[in-house]
Each structure stands twice: as structure tokens, then as C-alpha cells.
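Working notes, structure below.
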Amino acid sequence: MRQTRFARNIWLGIENLLLHKLRSFLTMLGVVFGVGSVVAMLSVGEGASKEALEQIRKLGSNNIIVSSVKSAEEEALSTTHSHMSIYGLLYEDHRRIAESFSHVKQTAPAKIMRKDSRLGEKEMELRVVGTIPQWFELVPREVVAGRVLLPLDVAQKTPVAILTEYGARKILATESTIGQTIRIGGDQFEVIGIVKSESGQAQAGNIQIQIPDQEVDVYIPMEVARRYFGDIFTKRTSSGDEREKVELHQIIVEVDEGDKVEAVAAGIKRMMEQFHKKKDYAVSVPLALRKQAEATKRRFNIVLGSIAGISLLVGGIGIMNIMLASVTERTREIGIRRAIGAKRRQIVYQFLIETTVLSTTGGIIGLGVGALIPFLITYFSGMITVMTWKGILLPLSISVTIGILFGLYPAMHAAKVEPIVALRHE
Amino acid sequence: MIERACSQEGKEIVKLEDAQKIYQMGTQEVKALAGVTVSFKRGSFWAIMGPSGSGKSTMMNILGCLDRLSSGRYYLEGQDVSTLDDDSLSELRLRHLGFIFQSFNLIPQLTVQRNIELPLYYLGWDSVQSAQRAKEIAEEVGLGDRLGHRPTELSGGQMQRVAIGRALANDPQILFADEPTGNLDTTTGEQILELLVKLNKQGKTIIIVTHESTIADHARNKLHMLDGRIDRIEGNSNEAN
């Protein structure tokens with residue numbers, strides 16, 4: 001079979017490199033570790049941003065979360081007996097937010113309480129969230145069984161309850177619980193569905209956002225919650241009962257366009273400042289999390305990128321060094337080739353192919369090493385790492401470039417050799 | 001200076017006109033060629049002789065297009081090559097010239113076959129044709145059974161045969177031999193010279209550089225160099241005009 005000229009040239013290069021196997025291998029090491037670190041860096045960085053995106057997805061990417069916060073003064077006062085803390089979001093806040101911004105697509109308020117509950121023989125204190133059907137669109141969760149809240153439930157003010165997987169586990173509910181009655185506080189609710197739980201919190205840099213349905217056990221309609229349980233809660237603590245009046249604990253706001261999220265969030269903040277004397281609320285923007293994550297990733301990439309860049313540079317210099325020595329060693333060969341009729345650029349080409357074969361082989365081995373590092377990182381630290389095509393092709397093309405770039409000088413050096421001088425060279 | 005008129009223009013293969021080659025040695029100028037005018041005919045067999053420092057090696061480098069003149073003219077097959085650039089000279093060597101050296105100058109990591117194929121590689125032949133040609137040439141120089149060997153596994157005589165094979169691969173018009181028997185024993189040297197004589201009879205122009213008159217005796221014409229000039233010319237004047 002006839003080889004193409006290019007394949008033949010590469011094969012000749014490989015043959016020459018194989019004459020000095022150890023030397024070629026050692027020369028390659030620099031590129032191996034350089035490329036390895038680039039691959040590892042990219043997959044760790046990619047993993048970090050994927051993690052951040054995943055968290056934002058859980059939070060709802062176009063959402064703004066407004067929550068009630070008990071201020072420090074309130075916290076101090078609440079230890080005194082018979083004091084009732086009044087703070088947090090109001091029904092009026094919800095109405096204002098829902099009506100004042102043109103880019104707000106929908107909103108969902110939440111009232112969070114703890115209630116002693118009973119299902120069959122099992123009694124537990126459950127975290128109960130009173131909300132409206134929109135909640136399940138803003139914080140989409142997979143329905144495991146039954147259904148979620150519907151506008152019908154709101155209209156009829158029926159006492160229905162949707163358990164989360166988390167709550168279902170606590171109170172020993174199963175799919176067959178659907179249709180049965182659960183007692184929450186002192187009242188009877190019909191279990192109509194079970195939804196999947198997401199837990200944890202999203203964090204990037206100094207921003208930390210609780211996932212809205214963190215540790216929710218059961219959802220009930222807002223109107224029912226308001227009517228049955230009111231706005232005043234009694235918390236049992238070691239020093240006695242604490243009473244709080246909180247109308248709404250959370251409002252989730254969905255913005256129709258991604259690039260309007262921050263503007264709307266700023267508007268909400270201004271509005272809240274205007275109507276609340278105390279800062280008994282917090283506005284969090286999951287999107288800011290993403291920006292923070294991206295900024296972190298950029299910094300990360302710059303730092304790791306320079307380390308990887310330096311090791312690639314060192315690798316390249318290593319190749320250049322060895323190739324210069326090789327050129328000197330092969331001066332006579334170059335002279336012979338030139339005498340036979342090889343042009344300067346053909347000598348350049350020959351040496352360039354050798355350096356490129358070296359650096360590319362180093363790059364391929366480096367890919368293997370680089371794929372191993374993220375694997376170990378994931379194994380030992382649990383950090384998510386992701387290999388992408390970009391993460392493979394970029395280091396490979398870098399290694400080819402290194403070969404050409406750092407091979408150029410030795411190759412030019414080789415081509416400058418005068419045939420008559422080279423032939424006399426011993 | 002000895003001037004030779006050229007009666008038959010078309011038959012001249014090389015022609016030097018007042019060829020000078022000056023090297024700068026520190027502050028001193030050394031005239032390796034101090035104005036040489038000579039021409040060789042196609043199919044001739046020349047020996048360039050002279051003591052070391054006489055300019056005979058410079059003469060060969062110039063004629064072999066390995067080096068360029070400081071002044072004067074060099075015509076190869078009627079073409080003025082004294083002003084050609086490096087690439088064009090490479091091209092001339094590749095297509096028209098062949099070289100044999102005292103120290104054989106084989107590439108050690110390549111097999112006999114690959115050494116012979118080297119000019120064909122630069123001529124752009126494909127591997128199948130090259131292999132075919134290398135095999136024919138190896139037969140011709142008596143190395144048919146050594147194609148797969150490396151130079152280090154061969155005797156001096158065999159290595160020089162490989163070198164001759166390589167020089168012949170591109171079917172050159174002129175074969176240059178720089179002390180071709182210098183590293184060989186007398187018997188082997190004799191065989192190599194016989195091979196050159198045979199090639200000359202087949203029509204190749206051969207130019208040998210040597211300081212030994214026994215070797216030069218195989219040539220039909222001798223050019224004696226001294227201090228960068230032609231000292232005298234011996235041989236058949238019909239050929240050495």
C-alpha cells in the first residue's frame with residue numbers, strides 16, 4: 001500500500017525519535033504534565049460551573065427569593081416574657097410586588113409553620129408551608145404520586161395536603177396514603193400528592209441561598225393555612241413560649257426575562273425599604289449566584305491557567321533544548337541531506353515534524369494523566385468534575401502548537417547548517 | 001593561466017570562467033581559487049589533484065554546487081549557476097549531481113535501502129517506486145542482498161558501494177568523488193575505482209578529487225592544482241580541451 005507523503009514524513013520522525021527512546025520520553029514529560037494540568041484544570045472548572053448551574057436550576061434561574069428575617073433587636077427582645085415579635089413580609093408586600101412590576105411573570109407566597117401532625121398511628125412535628133398553586137411552577141419538583149395544588153383547591157378552600165418525600169418519610173406515608181386524612185395542628189387534611197424533595201443550599205463566594213423547599217414536609221393551600229392557623233405562632237423554647245407574628249415567610253418572584261432579574265430585584269429592594277422601617281427581610285437573587293460562580297471560575301481559570309501555561313512553557317523549552325542538542329549531534333546528517341539536494345525548508349520540516357510528534361504524543365499521554373486527576377479529585381473530595389470536548393481538544397491543539405513553536409528555532413538552526421561545513425563535522 | 005578554447009559548446013558539461021573563491025581568515029584573505037578557467041566535457045573522467053591547500057576541495061565544492069564563487073562564472077550544462085540562490089542550487093544537486101565521500105557519509109540510522117532511496121525521497125517519489133529503484137541500484141553496485149542492513153553492519157567497501165548507489169539513485173549527469181578510496185584498503189579501493197570506471201563507460205561524467213597519483217591514473221584526464229591555480233593538465237587533449 002502506498003503511504004501518503006505526510007504519513008511517511010511522520011513515520012520517519014517517529015523512527016528517529018525511537019532511536020533514543022529514553023531521551024524522547026523524558027523530553028515529552030514536560031508536555032505530558034503541562035497538558036495534564038490543563039485538562040485537569042478545565043474539568044474542575046467546568047465541574048464547578050456545572051454545579052453552580054445545577055443549584056441555580058433548583059432555585060429557579062429567573063427567580064427572586066424574598067424572605068422574612070428576624071432582626072437582631074427582635075431576637076434580643078423576644079427572650080423577654082410576654083413579648084410578641086412582629087416582623088417579616090406582609091400580605092400587602094406580596095400584592096405590591098405582584099402588581100408593581102411589568103416584568104414579574106408570577107409570584108408565590110409561603111407561610112411556614114411547625115405543626116404537630118398525625119397520620120394513622122404516627123405523630124410528628126412537621127414543617128408546614130401554606131402556599132398557592134404557582135409555587136409548583138416557580139419551584140418545579142417532580143410529582144411522585146397524586147397531584148400538586150390546583151386553582152380549584154384555592155377556590156373551594158378545601159383542606160388538602162401535599163407531602164414532600166422528606167415529610168412522607170418522617171410520617172411514614174406511602175403512595176397508598178393518597179386520599180387518606182392527615183391531621184395537621186388540630187385540623188383534618190386530605191393527602192392529595194407527594195412531590196420530590198430537593199435539599200441543601202446553593203453557595204458561591206459570599207452568596208448563600210437556601211433552596212426554597214429546604215426541609216418542607218407538607219404543603220397546604222395558603223387560604224386554608226391563614227384561616228386555620230392565623231398569623232401568630234407560638235414557639236416552644238427552653239425559656240418558655242415565644243410568640244411571633246409573621247404574615248408571610250417567603251415570596252418567590254419569577255421574572256419573565258433573564259436580563260431583567262437584577263432590575264426587578266433592585267426594584268423590590270427599593271420598595272421594601274420604603275415600606276419596612278426595620279430590615280426584617282432579605283432579597284436573594286439566584287442569578288447573582290451564577291455570576292459569582294462565573295467570577296470564581298474565571299479567577300480559578302486564570303490561576304490554574306497560568307500554572308498550566310508555565311508548565312507547558314517549561315515543557316516546550318525542554319523540547320527545544322533537546323532538539324538543539326539533537327541538531328548539533330546530527331549536523332553531519334543534515335549536511336548529507338543538504339548535499340544530496342534537500343532544501344533548507346525540507347530540513348526545517350523534518351525537525352518540526354519530530355518536535356511536533358514529540359509534543360503531540362506528550363499531549364496524548366498528558367490527556368490520560370489529566371483525565372486521571374479530576375477522577376481522583378472527584379473520588380477524594382467529592383467535587384464535581386466534567387470533561388468536555390473543549391477540555392480535550394484545547395490542550396491537544398496547544399501541545400501541537402508547542403511542538404511547532406518550540407521546534408521552530410532548533411529547526412531553523414538545523415537548516416542554517418552549511419553543507420560543506422556539516423560534511424567536515426565529526 | 002591556462003586557457004582552453006571550447007570548440008564544441010554543446011559537449012561541455014562544466015565550465016569555469018575566471019573562478020575565484022576568497023575566504024576571510026581573520027584579517028587575512030585566502031584565495032582558495034585564484035582565477036580558474038577550465039571546462040570539462042560530458043562523459044569525461046577527471047581527476048583533480050594537488051597537495052592539501054591547493055584548492056582542489058574548494059574546486060569540487062564549487063563544481064558540486066555546494067558552495068558559491070566569490071567572483072567569476074560557473075556554467076553547468078550551459079546554464080550560469082554562479083548567481084543561483086540556495087534553493088536552486090539544492091535543486092541542481094538533487095537532479096543532476098551525485099556525491100561520494102571519503103568517509104562514506106551514510107546516515108547511520110537508515111538501512112541500506114533507505115540510504116539509497118534518500119535522493120528519491122527529496123525528488124518526491126512514492127515509496128513503492130523508490131523501493132523498486134533502490135533494489136535495481138543495489139544489484140548494480142553489488143549489494144542486492146544487503147538492502148535491510150544498517151551501515152554499521154557493513155564493511156568499508158560495502159559502505160562505499162551504498163554511497164555510490166545513493167549517488168546514482170537520481171541518475172545524475174556528474175558524479176563527484178572526494179577521496180573515495182581514502183578509508184579503504186588497496187584491494188577494496190581498486191574495486192571501487194573499477195566501479196567508477198564502469199560507470200564512466202556507461203556515460204557518466206566523473207570528477208574525482210585525490211592526492212594519490214595511483215588513483216588518478218584511472219582517470220583519463222588529470223588537473224593539477226597548486227595555490228588556487230591550475231598547475232597543469234594531463235591527458236587526452238581531445239577530451240581535455
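The values are calculated or read from the model by the stated rules, or taken from the named source; none is laboratory data. Because the structure is predicted, anything quoted here is derived from the model rather than measured. Don't worry about glycine lacking a Cβ; one is built from the backbone with ideal geometry, like all the others, and counts go over all protein chains shown.
Summary of computed values
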read-out: Those residues of region A:158-169 which are surrounded by 20 or more Cβ atoms within 10 Å (Cβ to Cβ), of a type outside the set (A, V, I, L, M, F, W, C) and assigned to a helix (DSSP H, G or I), in sequence order; value: A:166, A:167
read-out: Residue in region A:2-13 that is farthest from the other protein chains (Cβ to nearest Cβ), counting only those that are touching a residue at least 60 places away in the same chain (Cβ under 8 Å) and over 14 Å from residue A:323 (Cα atoms); value: A:10
read-out: Residue, modelled with the lowest pLDDT, within region A:125-153, restricted to residues that are hydrophobic (A, V, I, L, M, F, W, C) and closer than 13 Å to residue A:223 by Cβ; value: A:152
read-out: Subset tally (residues that are more than 12 Å from chain A (Cβ to nearest Cβ), of a type in the set (S, T, N, Q) and either part of a loop (DSSP other than H, G, I, E, B) or under 21 Å from residue A:424 (Cα atoms) (or both)) for region B:67-94; value: 3
read-out: Among the candidates A:71, A:49, A:102, residue that is without any contact (Cβ under 8 Å) to a residue 12 or more places away in the chain, touching an Asp or Glu at 6+ places or on another chain (Cβ under 9 Å) and either surrounded by 21 or more Cβ atoms within 10 Å (Cβ to Cβ) or not acidic (Asp, Glu) (or both); value: A:102
read-out: Filter result for residue A:43 (assigned to a helix (DSSP H, G or I), modelled with pLDDT under 90, farther than 20 Å from residue A:222 by Cα and not basic (Lys, Arg)); value: yes
read-out: Number of the exception - residue B:111 against (1) crowded, with 18+ Cβ neighbours inside 10 Å; (2) at pLDDT below 95; (3) within 18 Å of the chain's Cα centre (by Cα); value: (3)
read-out: The one condition in (1) in a loop (DSSP other than H, G, I, E, B); (2) under 14 Å from the mean Cα position of the chain (by Cα) that residue B:51 fails to fulfil; value: (2)
read-out: Test: residue B:188 is at pLDDT below 95, more than 25 Å from residue B:60 (Cα to Cα) and surrounded by fewer than 22 Cβ atoms within 10 Å (Cβ to Cβ); value: no
read-out: Meets criteria (not in a loop (DSSP other than H, G, I, E, B) and not assigned by TED's automatic domain parsing to the domain that holds residue A:377) for residue A:73; value: yes
read-out: Tally, over region A:335-359, of residues that are buried (at least 22 other Cβ atoms within 10 Å of the Cβ), within 50 Å of the chain's Cα centre (by Cα) and either over 30 Å from residue B:167 (Cα atoms) or not aliphatic (A, V, I, L, M) (or both); value: 7
read-out: Single residue of region A:378-390 satisfying the filter (in a helix (DSSP H, G or I) and not aromatic (Phe, Trp, Tyr)) that is farthest from the other protein chains (Cβ to nearest Cβ); value: A:381
read-out: From the options B:118, B:154, B:143, B:123, residue that is within 23 Å of residue B:179 (Cα to Cα) and within 11 Å of chain A (Cβ to nearest Cβ); value: B:118
read-out: Checklist (1) crowded, with 21+ Cβ neighbours inside 10 Å; (2) assigned to a strand (DSSP E or B) applied to residue B:30, failing item; value: (1)
read-out: Residues located in region A:322-377, provided they are of a type in the set (Gly, Ala, Ser) and away from chain B (no Cβ under 14 Å); value: A:325, A:359, A:362, A:363, A:366, A:368, A:370, A:371
read-out: Residue that is farthest from residue B:164 (Cα to Cα) [pool: residues in region B:182-241 that are polar (S, T, N, Q) and touching a Phe, Trp or Tyr at 6+ places or on another chain (Cβ under 8 Å)]; value: B:221
read-out: Residue B:64 in contact with a strand residue (DSSP E or B) (Cβ under 9 Å, 6 or more places away or on another chain), in contact (Cβ under 8 Å) with a residue 12 or more places away in the chain and either at the interface with chain A (Cβ under 8 Å from one of its Cβ atoms) or more than 22 Å from residue B:196 (Cβ to Cβ) (or both); value: yes
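Every residue, every condition in (1) β-branched (Val, Ile, Thr); (2) out of contact with any Pro (no Cβ under 7 Å at 6 or more places or on another chain); (3) over 16 Å from residue A:107 (Cα atoms); (4) at pLDDT below 90, yes or no:
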| position | (1), (2), (3), (4) |
| --- | --- |
| A:222 | no, no, no, no |
| A:236 | no, yes, yes, yes |
| A:239 | no, yes, yes, yes |
| A:246 | yes, yes, yes, yes |
| A:254 | no, yes, no, no |
| A:267 | no, yes, no, no |
